[in-house]
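**Student:** Below are the structure tokens for one structure; questions will follow.
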Amino acid sequence: MTSLDIAPFANALVLGASIASIWLIAAIGLTIIYGTVGVINMAHGEFIMLGAYTSYALQSFLGLPFLLCLPASFAVVALVGLAIERGLIRYLYNRPLDTLLATWGVSLVLMQGVRLIFGSDPKYIAVPEIFQSNVEVGFASLSVFRLVVIGVTALVVAATAWLFYRTRFGMQVRAVMQNKEMAASFGINADRVYMTTFAIGAGLAGLAGSLFGVLAIVLPTMGTAYVVQAFLVVVVGGGTLLGSVAAAGLTGELQSVFAFLTNDTFARFLLYVLIVVFLRFRPRGLFAVAKARR
Amino acid sequence: MTTKQNLYHSKPAQWAVYGLFFAAIALIPVFVTDGFLLNQFAVYGIYGMLALSISLCWGFGGILNLGQGIAFGLAAYGMAMTMQMQSQDPDSNPIPPFMLNNSLEHLPWFWQPFWSTGGGILLALVVPTLFYVVFGTLMFRARVSGPFFAIMSLAMLSAFATLILDMQPYTNGANGISPPAPLSLFGTDLDPYGTTAYWIVCGGLVAVTVGAKLLTQSKFGLVVQALRGDPERVRFLGYNVALYETCIYAISGFIAALAGCLWVMLIQYVSPAQLDTTFSIGMVIWAGIGGRLSLLGAILGAFLIQGGQSYLGDQFLATWLLMLGAFFIVVVRFLPKGLAGLLEMILGSIARQPAKHARPEPAGLPAAGE
Amino acid sequence: MDLTRRNLLKRSSLAAAAIAAPHLWLPTAREAWGATLKKGEPIKVGLLFSLTGQLAVPEEDSTLVMQYAIDEINKNGGIAGHPIQPVIVDAKSDFNVYSEKAKELIIREKVIALFGCYTSASRKAILPVVMSQNSLLYYPTCYEGAECTQNTICTGPLANQHSKDLIPYMVKNFGKKVFFVGSNYVWPKESNKNAKIWLQEAGGELLGEEYIPLGSSEFGPVLGKIRDAKPNFIFSTVVGASDIAFHKQFKQEGFKVDSMPIASLTTGEIETKAMGPEFGAGHFLSAPYFQTLDNPTNQKFVENFLKSKYGKNGSTHYNMEETYLSAYVFKAGLEAAIKKTGNVEEVTSRMIRDVSGGVRVEDAVSPEGLIWIDGDNFNTWLKPKIGQCQADGSFKVVSQAAEHVAPDPYSIYPNAGKCTAAGLVAPDGKNRKNVI
């Protein structure tokens, strides 16, 4: 009898990993933008939505295969992010609360713009037949597409880690993060670092969007469903890459287990309350950047 | 300050403008006899109170609160419960119809106090304020501030909305509570389309505006404004920063709670949509566009945006949100103090004409905010 | 500061004087109560749907089909020679705006009737004003019931009608074991309460009941529970974007439609189009109407509607058809009221409601076939039908009720009483008006 009880629970844990990967890939762009540039990007959900629409448009108008839509969405949304950074965000770098509000304005514009272009009826992204099945390993069962999301997330985390910790650009980014003026005096163009980081962060949201379009639905409002979770991952993680990985893992598993034990709605409420309590004791998140304080 | 003062900063001038504004809203029922319009103006007045509450904690206290819907929504629920219980009868009809449908046999304990109209309204005001005190204490003592606090208030708002949805037997879930009859006060029904309802809202708005204005001019208000500039410095000066932050946050919550009560009095309806994130961020947009550093500016911002939505929204059906978003971006980018800041600038440049460079205060620099 | 305080005092005494002055106590809008019609002038009705925002997906279609129906009625001579004039507003998917616009339509525009709302929450938001102004709301979609107001007429199926045939049909064809999944709000829960009764009668067995937050697109945990429970079919009341995510993840997680189909109350022609027909194919839907219904009235309706300027979205789903019917129920009601008074100018919203009990929309007009309005609770007698989604996203009717099913808003709450034209009559004989 106990083994029977353990199997569904273990399944919930496996599913938790999948939920975690979804939240992580939704949050990763937000993390590097917040961690590096210090901007809370309220338009992040709309970047996700743009990615989904890019994939939809490329697929239905140009017939691009799904796997090629992923990098294409990254590129297109990164360009949009670049334009927004150049046109708006760079003027607001020393006003963090104002960037938050300005990006909310951006999100309204993007959402309504997309609605004007594509209409408000839902769209869908088609995927190869092989993604529409599931695999069973022993007691655990997971869809192939969820495995794809986990895989892509792992790749993106690895690539981001490599970019930020193993390349010259990454070193510049970290230098700017620690001390902008000092970095500048060593000839690092902080402005350019911010610009590039913002574009990459936006692009990653776009990539996530084309995955979410397959999991669920492509709608102008789809971004809002992911953005609160993404914010929580960043806040709990403290704005570092490692922090976000840990925070997404933790919150995703908790959501899955709570949902298994109670129901989806109550699980969400419980998780939010836990996060508030957690922040009371670790206001700077799990792995905050060590900063001189007090 | 030897040069001519900017009229914008002159206290008598400010009070004069406030007086003019109060006189204007008091005169509305004389010219407006259309019940719909009167009700709509009253609703705008409530939005004005909400914008004012945001201005108080964000503009003056530097605490960006994206979850003001918590106080507004909880109070609205309290008021709706009060009004619902007015149409129930302890003997023949003891529980609201929706509870029967959710298989409740008895009135839940936390509905009991709402039998009493006075007690219900009191609870509607006190419970949200108390929550703000507790949540504020938790957050501010942990020194959660700035964007982090904004996100946490947003998350808390989502949590409440989720909870109300899930507690359907007690709250009627997504359908919300619509009391079947208007609020009855001292034995008379308060027609939501009549002048009395308008006067009550009008009185509430005047009272909170004057109260808030006096508060910002008090010593407490000055400390709070210092917090906005540099909380660390205030801490070094020996002030208990968390206490001041919690206070201003709770006061703004109380104003939002009052707005929530009055809103249900006018609309006779509440649902989890009142705790929707878009609505709460909308309040910040009103204050932002009107001018978060000016209480009156914030109120007028709410009038402007909501009026625009009601009257322009239908003409430019699809582009309204686009225009609102773009307008907001332009204001944040170029007018961080909102339209009130624009007025300040214009009056300032008039004042400065005789003696230039007296008080250089160009907008667009990090003068406001952080 | 002193000066300020004095000013303040002066102002407040002024305000007090203003309040005391009797001439300022102006009459309220009450005299405008009860919109009336004028001989020879168009009949104003309000269309209160969302044209922008999330709810625009179903509600924009409702506005279009209402305009189509009004054009059609006007082309055929209007109502007693009066053309209908729609006042169209946008509720922006925002319940605050629903309330504001309802007031505008009723108090300011003085429309004789409102057609509007899709979600129950929006209906509840406008009911206070509809009731206090004694106006009339045509609510053209399915809902949970358990409501007895004297100012509404509903043309969609109630919870007690909706799944009555579906559950026995599924039990008979797929097996006894069922799992309920719904969005977390009132309508799914009420629908499930009714479904449980049908399930018991059919000898079925309920394995589990789960609710998903509105708008959520994460079905992993629920599908995990379903996998463990191994039902024969799933009964779904998941709505909107979530519904689409549910069907997609159902297939992606390796569930097979042949061995465990989803029997839904909501997944119609728009949803299957939005998710991609391959995700909808094989599943079942219970509704009073499908675009593919094989009768001459429907064929004419589909053909004419799709080629009219309102048919741009390319389909006529159940919600649109119920909206279309509401226009004809209104026409029949108004005609009856005019006949009764003999004078157009004496007709009020209240009167139209009073004479609408028993009003019929005949086979020749109603695409779903004859329907009529119940004389007690003013919901609709109709025949629920069961359709199976085909590979192209259209539905094939596999079963149709033999008899009309009576609407009963309190079918599962007999203790609450019986809804009558005058109010909810409790078992103890007390009558309560406007129970919401």
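**Student:** C:K340: crowded, with 19+ Cβ neighbours inside 10 Å and farther than 30 Å from C:H247 by Cα, yes or no?
**Tutor:** The answer is no for C:K340.
**Student:** Return a yes/no flag: does region C:112-127 have any residue that is of a type in the set (K, R), closer than 29 Å to B:L100 by Cα and at pLDDT 90 or above.
**Tutor:** yes
**Student:** Applying the selection to region C:172-200, what residues are among the hydrophobic types (A, V, I, L, M, F, W, C) and in contact with a helix residue (DSSP H, G or I) (Cβ under 7 Å, 6 or more places away or on another chain)?
**Tutor:** Answer for region C:172-200, where residues must be among the hydrophobic types (A, V, I, L, M, F, W, C) and in contact with a helix residue (DSSP H, G or I) (Cβ under 7 Å, 6 or more places away or on another chain): C:V178, C:F179, C:F180, C:V181, C:V186, C:W187, C:A195, C:W198, C:L199.
**Student:** Could you identify the single residue in A:M49, A:M42 that is crowded, with 22+ Cβ neighbours inside 10 Å and either assigned to a loop (DSSP other than H, G, I, E, B) or without any contact (Cβ under 8 Å) to a residue 24 or more places away in the chain (or both)?
**Tutor:** Answer to the check: A:M42.
**Student:** For the list (1) in contact with a Leu (Cβ under 6 Å, 6 or more places away or on another chain); (2) within 12 Å of chain C (Cβ to nearest Cβ), I need the number of the one condition that A:V234 fails.
**Tutor:** Here A:V234 meets the rest and fails (2).
**Student:** Can you spot a residue in region B:250-266 that is modelled with pLDDT under 95, farther than 11 Å from B:G69 by Cβ, out of contact with any Lys or Arg (no Cβ under 9 Å at 6 or more places or on another chain) and at the interface with another protein chain (Cβ under 10 Å from one of its Cβ atoms)?
**Tutor:** yes
**Student:** If I ask for residues that are at pLDDT 90 or above and in a loop (DSSP other than H, G, I, E, B), which ones from region C:411-436 would you list?
**Tutor:** Once the filter is applied, which keeps residues that are at pLDDT 90 or above and in a loop (DSSP other than H, G, I, E, B), region C:411-436 yields only C:A421.
**Student:** Scan (1) within 12 Å of chain C (Cβ to nearest Cβ); (2) within 20 Å of the chain's Cα centre (by Cα) for the single condition B:F31 breaks and write down its number.
**Tutor:** B:F31 satisfies every listed condition except (2).
**Student:** If we only count helices (runs of 4 or more DSSP H) wholly inside region C:291-358, which ones have 3 or more residues that are in contact with a strand residue (DSSP E or B) (Cβ under 8 Å, 6 or more places away or on another chain)?
**Tutor:** Where helices (runs of 4 or more DSSP H) fall fully within region C:291-358 and carry at least 3 residues being in contact with a strand residue (DSSP E or B) (Cβ under 8 Å, 6 or more places away or on another chain), they are C:318-341, C:349-355.
**Student:** Which one is surrounded by the fewest Cβ atoms within 10 Å (Cβ to Cβ), of the residues in region C:275-285 that are of a type outside the set (D, E, K, R), within 13 Å of chain A (Cβ to nearest Cβ) and touching a residue at least 40 places away in the same chain (Cβ under 8 Å)?
**Tutor:** Ranking the qualifying residues of region C:275-285, first place goes to C:P277.
**Student:** If you don't mind, another one. Collect the residues in region A:24-53 that are at pLDDT 95 or above and among the aromatic types (F, W, Y), keeping them in residue-number order.
**Tutor:** Those that are at pLDDT 95 or above and among the aromatic types (F, W, Y): A:F47, A:Y53.
**Student:** Give A:L82, A:L67 a once-over and let me know the one that is assigned to a helix (DSSP H, G or I), among the hydrophobic types (A, V, I, L, M, F, W, C), over 30 Å from B:F279 (Cβ atoms) and out of contact with any helix residue (DSSP H, G or I) (no Cβ under 9 Å at 6 or more places or on another chain).
**Tutor:** A:L67
**Student:** While we're looking at this one, here's another question. Among the residues of region C:365-410, write down those that are outside any strand (DSSP E or B) and among the aromatic types (F, W, Y).
**Tutor:** C:F378, C:Y410
**Student:** A:V156: under 24 Å from the mean Cα position of the chain (by Cα), under 30 Å from A:F9 (Cβ atoms), surrounded by 20 or more Cβ atoms within 10 Å (Cβ to Cβ) and among the β-branched types (V, I, T), yes or no?
**Tutor:** It is false that A:V156 is under 24 Å from the mean Cα position of the chain (by Cα), under 30 Å from A:F9 (Cβ atoms), surrounded by 20 or more Cβ atoms within 10 Å (Cβ to Cβ) and among the β-branched types (V, I, T).
**Student:** Against the definition (modelled with pLDDT of 80 or more and at the interface with another protein chain (Cβ under 9 Å from one of its Cβ atoms)), how does C:L64 come out, yes or no?
**Tutor:** Judged against the criteria, C:L64 is not a match.
**Student:** Which members of region C:286-302 meet the condition of being out of contact with any helix residue (DSSP H, G or I) (no Cβ under 8 Å at 6 or more places or on another chain) and either among the small types (G, A, S) or surrounded by 12 or more Cβ atoms within 10 Å (Cβ to Cβ) (or both)?
**Tutor:** Residues satisfying the conditions are C:T292, C:L293, C:N295, C:T297, C:N298, C:Q299, C:K300, C:V302.
**Student:** Still on this structure, please answer the following. Hey, could you check region B:126-181 for residues that are without any contact (Cβ under 8 Å) to a residue 60 or more places away in the chain and in contact with a Pro (Cβ under 6 Å, 6 or more places away or on another chain) and say which is nearest to C:C148 (Cα to Cα)?
**Tutor:** The qualifying residue nearest to C:C148 (Cα to Cα) is B:V144.
**Student:** Here's something else I'd like to know. Take B:V241 and decide whether it is farther than 30 Å from B:C202 by Cα, out of contact with any Ser or Thr (no Cβ under 7 Å at 6 or more places or on another chain) and touching a residue at least 12 places away in the same chain (Cβ under 8 Å).
**Tutor:** It is true that B:V241 is farther than 30 Å from B:C202 by Cα, out of contact with any Ser or Thr (no Cβ under 7 Å at 6 or more places or on another chain) and touching a residue at least 12 places away in the same chain (Cβ under 8 Å).
**Student:** Quick one: would you say A:Y226 is touching a helix residue (DSSP H, G or I) at 6+ places or on another chain (Cβ under 6 Å), surrounded by 24 or more Cβ atoms within 10 Å (Cβ to Cβ), in a helix (DSSP H, G or I) and of a type in the set (F, W, Y)?
**Tutor:** Taking the combined requirement at face value, the residue satisfies it.
**Student:** Can you name the residue in region C:88-103 that is more than 24 Å from C:W187 (Cα to Cα) and touching a helix residue (DSSP H, G or I) at 6+ places or on another chain (Cβ under 6 Å) and is also farthest from the other protein chains (Cβ to nearest Cβ) among such residues?
**Tutor:** The qualifying residue farthest from the other protein chains (Cβ to nearest Cβ) is C:V89.
**Student:** Would you confirm whether any residue within region B:220-232 is assigned to a helix (DSSP H, G or I) and closer than 22 Å to B:F22 by Cα?
**Tutor:** There is no residue in region B:220-232 that is assigned to a helix (DSSP H, G or I) and closer than 22 Å to B:F22 by Cα.
**Student:** Additional query: I'd like to check something: does region B:188-206 contain any residue that is without any contact (Cβ under 8 Å) to a residue 60 or more places away in the chain, β-branched (V, I, T), out of contact with any strand residue (DSSP E or B) (no Cβ under 8 Å at 6 or more places or on another chain) and more than 14 Å from chain A (Cβ to nearest Cβ)?
**Tutor:** Scanning region B:188-206, I find at least one residue that is without any contact (Cβ under 8 Å) to a residue 60 or more places away in the chain, β-branched (V, I, T), out of contact with any strand residue (DSSP E or B) (no Cβ under 8 Å at 6 or more places or on another chain) and more than 14 Å from chain A (Cβ to nearest Cβ), so the answer is yes.
**Student:** Same structure, new question: Would you point out the residue of region C:427-436, among those that are under 25 Å from C:V129 (Cβ atoms) and not β-branched (V, I, T), that is surrounded by the most Cβ atoms within 10 Å (Cβ to Cβ)?
**Tutor:** C:N434
**Student:** Looking at B:V330, B:V234, B:V284, can you tell me which residue is within 27 Å of B:G211 (Cβ to Cβ) and within 11 Å of chain A (Cβ to nearest Cβ)?
**Tutor:** B:V284
**Student:** Which residues, taken from region B:237-282, are under 22 Å from C:E100 (Cβ atoms), hydroxyl-bearing (S, T, Y) and over 16 Å from the mean Cα position of the chain (by Cα)?
**Tutor:** Listed by number, the residues that qualify are B:Y269, B:S271.
**Student:** Out of the residues in region C:389-426 that are acidic (D, E) and surrounded by fewer than 18 Cβ atoms within 10 Å (Cβ to Cβ), which is farthest from C:G145 (Cα to Cα)?
**Tutor:** Step by step, filter region C:389-426, then rank; the result is C:D392.
**Student:** How about region B:289-334: which of its residues are aromatic (F, W, Y) and either touching a Cys at 6+ places or on another chain (Cβ under 7 Å) or in a helix (DSSP H, G or I) (or both)?
**Tutor:** Within region B:289-334, B:F303, B:Y311, B:W320, B:F327, B:F328, B:F334 qualify.
**Student:** Within the group B:L100, B:L215, B:L125, B:L154, which residue is part of a helix (DSSP H, G or I), within 14 Å of chain A (Cβ to nearest Cβ) and surrounded by 16 or more Cβ atoms within 10 Å (Cβ to Cβ)?
**Tutor:** Just a single option satisfies the conditions, and that option is B:L154.
The values are calculated or read from the model by the stated rules, or taken from the named source; none is laboratory data. Just so we're clear, the structure is a prediction, and the values are computed from it rather than from any experiment. In this analysis, Cβ positions are derived from the backbone assuming ideal geometry, glycine residues included, and neighbour counts consider all displayed protein chains.
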